[in-house]
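The values are calculated or read from the model by the stated rules, or taken from the named source; none is laboratory data. The shown structure was predicted, so the numbers you read here are calculated from the model rather than taken from an experiment. Glycine also receives a Cβ, built like all others from the backbone with ideal geometry; neighbour counts cover every protein chain displayed.
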Amino acid sequence: MTLTKTRTAAASSLAAAGLLLTLAACSTPAATQPASSAPASSASASASADAGPCKGVKVIVDSASLDQAAADISVCVDVAGATLASDVLGKAGVKIEGTAKYPTSFACRVNGVPAADFDIKHKGGTTREACDDKNTVSYWALWVKPAAGTWGYAQEGLDSLKLNPGESLELLYTVDNEPAAPSA
């Protein structure tokens with residue numbers, strides 16, 4: 001699950017590697033996004049995060065930059081306290097495939113998106129996501145929003161980032177560094 005942004009020395013190495021993995025996993029979109037790739041509703045996830053204020057963790061998956069119907073969701077996941085991002089995503093029914101180097105930290109594919117045979121259009125042409133940590137033009141960026149704050153690029157991977165009730169987590173597919181941040 002990769003994230004791309006400017007990072008500080010230690011955080012940027014880890015974050016960049018993670019982001020590249022996430023971006024690589026998500027940046028080479030699959031040619032087709034199976035309709036069945038949408039997450040199944042979970043007993044611990046509300047039907048929609050838009051139904052009202054989320055008392056748990058709001059989970060958003062946004063793949064609009066791929067120009068295809070994909071794994072987009074917005075749900076509220078019930079959590080009692082600090083919970084790993086990977087567990088929150090699991091409760092939301094979001095399936096993550098990591099990269100070769102960072103199989104549990106970064107997202108290469110989210111609910112099968114992008115598929116390995118999907119051509120991802122970018123400024124330099126097209127690419128496909130091989131989840132091999134080499135894709136640097138597209139990826140799944142990981143964003144976190146505190147209960148009373150603004151979106152910030154995650155400084156940790158999915159397997160170490162902890163979220164609390166009232167916070168939001170977004171996996172945002174980014175191509176050529178666009179979109180640069182979540183829209184809401």
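Counting just the residues of the stretch 134-150 that are under 18 Å from residue 82 (Cα atoms) and more than 11 Å from the chain's Cα centre (by Cα), which one comes out surrounded by the most Cβ atoms within 10 Å (Cβ to Cβ)? Explain how you work it out, then say what you get.
First, pick out the residues of the stretch 134-150 that are under 18 Å from residue 82 (Cα atoms): 142-149.
So of that shortlist, the ones also more than 11 Å from the chain's Cα centre (by Cα) come out as 145-149.
Values: 145: 19, 146: 13, 147: 11, 148: 7, 149: 10.
If we take residues in the stretch 134-150 being under 18 Å from residue 82 (Cα atoms) and more than 11 Å from the chain's Cα centre (by Cα), then 145 is surrounded by the most Cβ atoms within 10 Å (Cβ to Cβ).
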Item to check | Failed criterion for residue 74 (all others in (1) free of Cβ contacts under 8 Å to residues at least 12 places away in the same chain; (2) under 14 Å from the mean Cα position of the chain (by Cα); (3) in a strand (DSSP E or B) hold) | outcome: (1)
Next on the checklist: Take the conditions within 15 Å of residue 60 (Cβ to Cβ) and either among the hydroxyl-bearing types (Ser, Thr, Tyr) or assigned to a loop (DSSP other than H, G, I, E, B) (or both) and apply them to residue 158. Does it pass?
Outcome noted: yes
Item to check | Extreme residue, farthest from the chain's Cα centre (by Cα), among residues of the stretch 77-123 that are of a type in the set (A, V, I, L, M) and assigned to a helix (DSSP H, G or I) | outcome: 88
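Restricting the stretch 119-133 to residues that are charged (D, E, K, R) and buried (at least 20 other Cβ atoms within 10 Å of the Cβ), which is modelled with the lowest pLDDT?
Among those that are charged (D, E, K, R) and buried (at least 20 other Cβ atoms within 10 Å of the Cβ), it is 133.
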Next on the checklist: Where the second residue is surrounded by fewer than 17 Cβ atoms within 10 Å (Cβ to Cβ) and of a type in the set (A, V, I, L, M, F, W, C) and the first is in contact (Cβ under 8 Å) with a residue 40 or more places away in the chain and on the phi > 0 side of the Ramachandran plot and lies in the stretch 142-166, which pairs have Cβ atoms under 9 Å and are six or more apart or on separate chains?
Outcome noted: 166/147; 166/148
Next on the checklist: Tell me whether the stretch 107-118 contains one or more residues that are surrounded by fewer than 22 Cβ atoms within 10 Å (Cβ to Cβ) and among the basic types (Lys, Arg).
Outcome noted: no
